[in-house]
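Remarks on the structure that follows.
The values are calculated or read from the model by the stated rules, or taken from the named source; none is laboratory data. From a predicted model like this one, the values you see are computed outputs, not experimental measurements. All Cβ positions, even for glycine, are placed from backbone atoms using ideal geometry, and neighbour counts span all protein chains on display. Accessible surface is based on the protein model in full, side chains and every heavy atom, while ligands, DNA and RNA are left aside. Shrake-Rupley method; radii C 1.70, N 1.55, O 1.52, S 1.80 Å.
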Amino acid sequence: MPTDIIEKIRKTFQLDIIGDQYFDWGEQHWLQLDPDNPELQPIVSIATVYPGEEHQPHVHSGYIEIIIGLEGQTTHWCNSREMRLDKGKIGYISDGGRHRHVNTSTKPASFISIVYSTIPKSLKELSTGGDIELIEMAKVINLDAIAEKFAQTVNMTVTLIDVSGNFLTEKKNLPELCSLCLQENYGNCVLCTSSQSWPYSEKKIFRCKFGVSAIQSPIVVNDRILGYLGCGYGRMSTVIPQEELTVSAELTAAKAQEAYLNLSFMTRNQLTSVAETLSLVSASLVQLMINSMKEKQLSSYRVSLSEELEMQARLHNSLSQARLKFLESQVNPHFLFNTLNTIAQQAEMDGAATLASLTHSLSNLLRLSLGKAESLVTLEEELSYIKDYLFIQKTRFPNKFDVTIEMDPDILNIRIPFMTVMVLIENSILHGFKNVRQQGRLFVYGYKQGRAGVIEVHDNGCGIPDPIAAAVRELPHADYDPPSLTGIGIKNIFLRLKHYYGETFDLTITRLEEGGTLARITLPL
């Protein structure tokens, strides 16, 4: 992908690119959503398929994928189901599905990929035990069989070593390049270096100097590292000349060059999804060893317990809830994913008419948010987006609220930052009507007041909390950064209005005595 396209991704989504992979069919760039909560978010990337290229069939093992068209058109297949992904269209690839996609046009085509790892729920707190050594446990529990089963499940090479570097799994399953590296002891991964001197005490996706990538997850009991469970051992990029030169220079075996080129290819989605599961497998092994030491159970029972846990995990797979920060001013990510759920549920419950309307409304919002996030729009344009948004919300919450919109035609040409009014409406629906029993009523008014235009959003909900109302009153102070406004978009509205209108606008949010909230924006005509 050209550099200007990468910059376009950064500018449009306002997110850092944390990883890239380049393929014969195209390339993929992974985005950093919330660096403070990496465990509570999906894996999001932008994939670009080159003209006339095809991604060969591959199995989604351990993860599901939601795809949203950005530019051009790609055709996707999940098993025998065909999906044509245009701009704004949404598709779904199931866990275990056989996925293939192609771009038959003469221009590159791009889509958003949202990946969820289908992992089991968190394990309960582990029981504590006395001193345990992995090599001693291997005599009681068939750890190699457990690792072998896990390798078959994720379709990757799995290793298990103790803290002294002893292999508790068969070395014959390693790629040929790793075997050559071990023979000559030239590597810099945990398999070649002493585990006691390995600098990482947490789960780590490590890429060695020869270009082999793997996850290393420590096995810890009583704050003591007993060894490492590893998974992967393949290439995550096309042949890199520097790594190829390193192989030739440091490995003397005649087959080293060929072994490097024959490394299996892994995607970042696969490795990241497996990384989540690997943590649970490590914890499962620890619990298994503690129970074995306490109860002196036979190894066959331990293997069957591991298989039972694996079966339960598959039965309880679920999508993670996460915040997807498309843009600072984009619709709340909870709304986006709740809407996707609504579409799926509605498709099962009734005919295609409602589904088509929902998808159309959502596609409009996605398309417009990508194109207008940093621009001014007229109040009339904003109202058209609001109607799509309200249609989706009323489908999500039938009979929960009514809406009245009254606008003076003389103020419809007022220009405001994109989604300014929509954020106020969203706050009323998601916060004002939350846990309120009576019928919600939402009023959106626009009228002239002297030489100014006034926009009001009024609801009869629970009312804005006093600390937040007080924080809004303090916003004009340049050095004030209220933490209470995080996550509701009000500070964002204020800063964007100030950017465009300087000191000539007014923003107030008031808790009404009779109940509810009144948000008012005053702008010069």
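Close contacts from region 496-525, counting a first residue that is at positive phi and a second that is assigned to a strand (DSSP E or B) and not polar (S, T, N, Q), with Cβ to Cβ under 6 Å and a gap of 6+ residues or different chains, come to 516/459. Only one entry of 378, 420, 359 meets the criterion of being closer than 30 Å to residue 70 by Cβ, at pLDDT below 85 and of a type outside the set (A, V, I, L, M), and that entry is 359. The set of residues from region 171-191 being in contact with a Phe, Trp or Tyr (Cβ under 7 Å, 6 or more places away or on another chain) and among the aliphatic types (A, V, I, L, M) comprises 174, 177, 190.
Scan region 62-73 residue by residue and report those that are more than 27 Å from residue 107 (Cα to Cα) and either of a type outside the set (Val, Ile, Thr) or touching a Cys at 6+ places or on another chain (Cβ under 6 Å) (or both). Give the steps one after another, and end with the answer.
Quick first cut of region 62-73, residues more than 27 Å from residue 107 (Cα to Cα) only: 62-64.
Hits for region 62-73 are 62, 63.
Can you tell me which residue within region 94-110, out of those that are assigned to a loop (DSSP other than H, G, I, E, B) and not charged (D, E, K, R), is surrounded by the most Cβ atoms within 10 Å (Cβ to Cβ)?
Across region 94-110, the extreme among qualifying residues is 103.
When the criteria are applied in full, residue 257 fails the requirement of being modelled with pLDDT under 70, in a helix (DSSP H, G or I) and not aromatic (Phe, Trp, Tyr).
Just one of 91, 52 is of a type outside the set (Asp, Glu), touching a residue at least 12 places away in the same chain (Cβ under 8 Å) and part of a loop (DSSP other than H, G, I, E, B); which is it?
Details: 91 fails: part of a loop (DSSP other than H, G, I, E, B).
The conditions single out 52.
Among residues of region 171-188 that are in contact (Cβ under 8 Å) with a residue 60 or more places away in the chain, those with a beta-carbon under 8 Å from a residue that is of a type in the set (S, T, N, Q) and open to solvent by 40 Å² or more (accessible area, probe 1.4 Å) at least six positions away or on a different chain give the pairs 175/262; 175/264; 176/262; 177/262; 184/252.
When you scan region 192-216, how many residues do you find that are touching a helix residue (DSSP H, G or I) at 6+ places or on another chain (Cβ under 7 Å) and either modelled with pLDDT under 75 or open to solvent by 20 Å² or more (accessible area, probe 1.4 Å) (or both)?
Our first condition is that a residue be touching a helix residue (DSSP H, G or I) at 6+ places or on another chain (Cβ under 7 Å); within region 192-216, this holds for 192, 203, 205, 209-213, 215.
Adding the requirement that they be either modelled with pLDDT under 75 or open to solvent by 20 Å² or more (accessible area, probe 1.4 Å) (or both) leaves 192, 203, 205, 209.
Number satisfying all stated conditions: 4.
Quick one: in region 142-180, of everything that is open to solvent by 50 Å² or more (accessible area, probe 1.4 Å) and either basic (Lys, Arg) or in contact with a Lys or Arg (Cβ under 9 Å, 6 or more places away or on another chain) (or both), which residue is farthest from residue 250 (Cα to Cα)? Restricting to residues being open to solvent by 50 Å² or more (accessible area, probe 1.4 Å) and either basic (Lys, Arg) or in contact with a Lys or Arg (Cβ under 9 Å, 6 or more places away or on another chain) (or both), the top hit is 142.
Condition check ((1) touching a His at 6+ places or on another chain (Cβ under 9 Å); (2) under 18 Å from residue 106 (Cβ atoms); (3) at pLDDT below 90) across all residues:
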position: 43; (1), (2), (3): no, no, yes
position: 53; (1), (2), (3): no, yes, no
position: 60; (1), (2), (3): yes, no, yes
position: 75; (1), (2), (3): yes, yes, no
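All of 522, 504, 510 fail the test of being within 27 Å of residue 415 (Cα to Cα), modelled with pLDDT of 90 or more and assigned to a loop (DSSP other than H, G, I, E, B), apart from 504.
Just to be sure, is residue 84 open to solvent by 50 Å² or more (accessible area, probe 1.4 Å) and free of Cβ contacts under 8 Å to residues at least 24 places away in the same chain? In short, yes. For region 466-489, a residue qualifies if it is touching a Leu at 6+ places or on another chain (Cβ under 9 Å) and at pLDDT 85 or above, and the qualifying residues are 468, 471, 472.
For region 80-89, the condition of being modelled with pLDDT of 80 or more, hydrophobic (A, V, I, L, M, F, W, C) and closer than 30 Å to residue 48 by Cα holds for at least one residue.
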